[in-house]
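Trainee: Have a look at the structure that comes next, please.
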Amino acid sequence: MDSQKEEKSKGNTNDNAERHDADADNKTEKEIEALKKELEKSKKDYLYLRAEFDNFRKQVLKERAEQAKYGGERVIHDILEVMDNFARALSTEINEKNFTSFKEGVQMISKELHNVLERHGVKELEAEGKAFDPMEHEAINSEETNEVPEGHVIQVLKKAYKLHDKLLRPAQVIVAKKPSKHSKKEGE
C-alpha cells in the first residue's frame, strides 16, 4: 500500500510539474505575444514620427527656398517707392528757373534712399580721415601728403556699407603716405 501511495504521490508530483510547466509555457507565450504587440506599436510609432520629421524637414527646406527667393521683397518694395520718385524727377524738364528745386528734389530722393537702407539694417561706414583698416577698406592707391597722418584715408572713391554687423562692401580708398625726400626737393 505504501508503494501505491508513493506512486500516487509521484504521479501527483509529475502532474503538478507538468501543469506548472504548461502554465509557465502559457505565461511565456502570453508575454511573447504582449512583447510582439508592443514591438509592433513601437514600430508604427517610429514610422509615424519618421514620416512627420520628413514632412517637417521638407517644409523647412521649402520655407528656406522661399525666404531666399522672396526675402528681399520688403526692401525692394521700399526701393521701388524711391525709384518712382526718381522717375518723376527725371521726367521733369530742367531749365534755369527750376534747376535749384530739381537739385533739392534729387537730394531729397537720395536721402530717402539712405533712410530706406538704414531701415533695413544697412549702414554707411565713414572712412575719410580714419586709419586704414584692411577689414573695412580696400586701398586703391596711396598719395604723399602732410595733411593727414601716414596710413590714414585721404580720399574715399567708394563708400563702405554694413548690413547689421556684416560688411557688405569695403570702402575703396586712397591712403596717405609720408612725402619722400625726393619730392620735397622738387617742391623747393
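The values are calculated or read from the model by the stated rules, or taken from the named source; none is laboratory data. Computed from a predicted structure; not experimentally measured. Note that we place each Cβ from the backbone using ideal geometry, even for glycine, and neighbour counts take in every protein chain shown.
Trainee: Looking for whichever is in contact with a Lys or Arg (Cβ under 8 Å, 6 or more places away or on another chain) and either in contact (Cβ under 8 Å) with a residue 24 or more places away in the chain or hydrophobic (A, V, I, L, M, F, W, C) (or both) here; the options are 122, 148. Which one fits?
Mentor: Residue meeting the stated conditions: 122.
Trainee: Which residue pairs have Cβ atoms under 9 Å apart, sit 6 or more places apart or on different chains, and have a first residue in the range 25-44 that is at pLDDT below 90 and a second that is of a type in the set (Asp, Glu) and part of a helix (DSSP H, G or I)?
Mentor: Pairs found: none.
Trainee: Next question, about the same structure. Being surrounded by 10 or more Cβ atoms within 10 Å (Cβ to Cβ) and of a type in the set (Lys, Arg) is the filter; apply it to the range 3-24 and report the residue that is modelled with the highest pLDDT.
Mentor: 19
Trainee: Name, by its number, the condition in (1) over 17 Å from residue 168 (Cα atoms); (2) at pLDDT below 95 that does not hold for residue 72.
Mentor: So residue 72 meets the others, but not (1).
Trainee: If you don't mind, there's one more thing I want to ask. Could you check, for the range 142-152, whether at least one of its residues is modelled with pLDDT of 95 or more and of a type in the set (A, V, I, L, M, F, W, C)?
Mentor: Looking for residues that are modelled with pLDDT of 95 or more and of a type in the set (A, V, I, L, M, F, W, C), one finds none in the range 142-152, hence no.
Trainee: Got at least one residue in the range 84-91 being among the hydroxyl-bearing types (Ser, Thr, Tyr) and surrounded by 10 or more Cβ atoms within 10 Å (Cβ to Cβ)?
Mentor: No, the conditions are met nowhere in the range 84-91.
Trainee: Given (1) under 25 Å from residue 75 (Cβ atoms); (2) surrounded by 11 or more Cβ atoms within 10 Å (Cβ to Cβ); (3) of a type outside the set (S, T, N, Q), identify the lone condition not met by residue 164.
Mentor: The one condition residue 164 does not meet is (2).
Trainee: Does the range 169-185 contain at least one residue that is touching a His at 6+ places or on another chain (Cβ under 9 Å), loosely packed, with under 15 Cβ neighbours inside 10 Å and under 30 Å from residue 87 (Cα atoms)?
Mentor: The answer is no, given that none of the residues of the range 169-185 is touching a His at 6+ places or on another chain (Cβ under 9 Å), loosely packed, with under 15 Cβ neighbours inside 10 Å and under 30 Å from residue 87 (Cα atoms).
Trainee: I'd like the residue in the range 131-144 that is crowded, with 17+ Cβ neighbours inside 10 Å and out of contact with any Gly (no Cβ under 8 Å at 6 or more places or on another chain) and, out of all such residues, is farthest from residue 173 (Cα to Cα).
Mentor: Filtering first and then ranking leaves 136.
Trainee: For the range 96-114, which residues satisfy the criterion of being polar (S, T, N, Q), surrounded by 12 or more Cβ atoms within 10 Å (Cβ to Cβ) and not in a loop (DSSP other than H, G, I, E, B)?
Mentor: Scanning the range 96-114 gives a single hit, 110.
Trainee: Report yes if residue 121 is small (Gly, Ala, Ser) and touching a Leu at 6+ places or on another chain (Cβ under 8 Å), otherwise no.
Mentor: For residue 121, the condition - small (Gly, Ala, Ser) and touching a Leu at 6+ places or on another chain (Cβ under 8 Å) - is met.
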